[in-house]
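Input: a single structure, listed below in C-alpha cells.
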Amino acid sequence: QSVLTQPPSVSAAPGQTVTMSCAGTASNIGSRSVSWYQQLPGTAPKLLIYDNNKRPSGIPDRFSGSKSGTSATLGITGLQTGDEADYYCGAWDKCLSNAVFGGGTKLTVL
Amino acid sequence: QVTLRESGPAVVKPTRSLTLTCTFSGFSLTTSGMCVNWIRQPPGKALEWLARIDWDEDKYYTTSLMTRLSISKDTSRNQVVLTMTNMDPVDTATYYCARVSGGVPGDRSSFDYWGQGILVTVSS
C-alpha cells in the first residue's frame, strides 16, 4: 500500500494530451515538493519533474508538473509511443521522515 | 558525469543478511547537500524507498523496515553500503541506489541519478 495514491492506468492516442494525478496528505505533498519519474520497461526510473514543476536538463517541455494542496498532476502533451511507461510521483513525508512514492500509473499510448 | 552502480549477491537464502554496495562517481558524499538513497522494486510492483545517508552522516530508514536496515558510507572509496538482515522471499526485488543533490533541509527527495539496479532473489 503506497503512501501516495495514483490511478493504476491512463491511456490516450498519439499526439493527444494526458494528465495523471498523485494524491497525498498534508505531511507530504501538502508541505513538501513533488517529483515525478518515468520508468520505461526494464530500466531504472528517470527524473522528469522536481520541485513540483521544474524539469531537469534534457527533459522536453512536453512534460509538466503542478501541485495544488495535497495533490499533484503530471501532464504530457504531444504523446508519443515512446512515452509508454510507468510514471511515479514521490515526495518527502515530514511525519514519517521517509521518502514516499505513489503506486505508479501505467501510460498506454493507443 | 555522475554514475552509480549497485553490486552484491544475486541470490540470498532466507534468514540470511544481504549486503549491497553502491559505488558512485562524479560527485562527493562530503559535499553539503549530497545524499545517497536505496530504493527497491519487487517484480511488477511499485518503488519503495528504504534508506538514505547524508553528507553529514545523518541517516534515515523506512519506518516499516527500520529494525532490519543499516546504511553506511566510505567517502574515500565513494561507496555506500546497505545491509538488510533476516531476508525473506518477499524481499525479492530490484534494488537501486539513487542520488539526491541539494534541496532544502527536510525536503530532500528528488532522485536525480539512479543506478541500473540489481535483482536480488531470496530463495533457498
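The values are calculated or read from the model by the stated rules, or taken from the named source; none is laboratory data. Values in this document were obtained by computation on a predicted structure and should not be read as measured data. Methodologically, a virtual Cβ is constructed for each residue, glycine included, from the backbone with ideal geometry; neighbour enumeration extends over all protein chains shown.
Right, A:V3: surrounded by 13 or more Cβ atoms within 10 Å (Cβ to Cβ), modelled with pLDDT under 95 and out of contact with any Phe, Trp or Tyr (no Cβ under 6 Å at 6 or more places or on another chain) or not?
yes
Which condition number does B:T121 fail, the rest of (1) outside any helix (DSSP H, G or I); (2) within 14 Å of chain A (Cβ to nearest Cβ) being met?
Failing condition for B:T121: (2).
Among the residues that make up segment B:89-107, is at least one of them in a strand (DSSP E or B), more than 14 Å from the chain's Cα centre (by Cα), more than 8 Å from chain A (Cβ to nearest Cβ) and at pLDDT 95 or above?
No, the conditions are met nowhere in segment B:89-107.
Cβ-Cβ below 8 Å, separation at least six or inter-chain, first residue in segment A:85-109 and at positive phi and at the interface with another protein chain (Cβ under 9 Å from one of its Cβ atoms), second assigned to a strand (DSSP E or B) and surrounded by 24 or more Cβ atoms within 10 Å (Cβ to Cβ): which pairs?
Hits for this filter: A:G104/A:Y87; A:G104/A:Y88.
Can you run down the residue pairs with Cβ atoms below 6 Å, 6 or more apart or on separate chains, where the first is in segment B:34-58 and within 16 Å of A:L40 (Cα to Cα) and the partner is of a type in the set (V, I, T)?
B:Q41/B:T94; B:L47/B:I39
Residue by residue, here is whether (1) under 26 Å from B:T63 (Cα atoms); (2) surrounded by fewer than 17 Cβ atoms within 10 Å (Cβ to Cβ); (3) in contact (Cβ under 8 Å) with a residue 24 or more places away in the chain; (4) within 13 Å of chain B (Cβ to nearest Cβ) holds:
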position: A:S9; (1), (2), (3), (4): no, yes, yes, no
position: A:A12; (1), (2), (3), (4): no, yes, yes, no
position: A:Y37; (1), (2), (3), (4): yes, no, yes, yes
position: A:L48; (1), (2), (3), (4): no, no, yes, yes
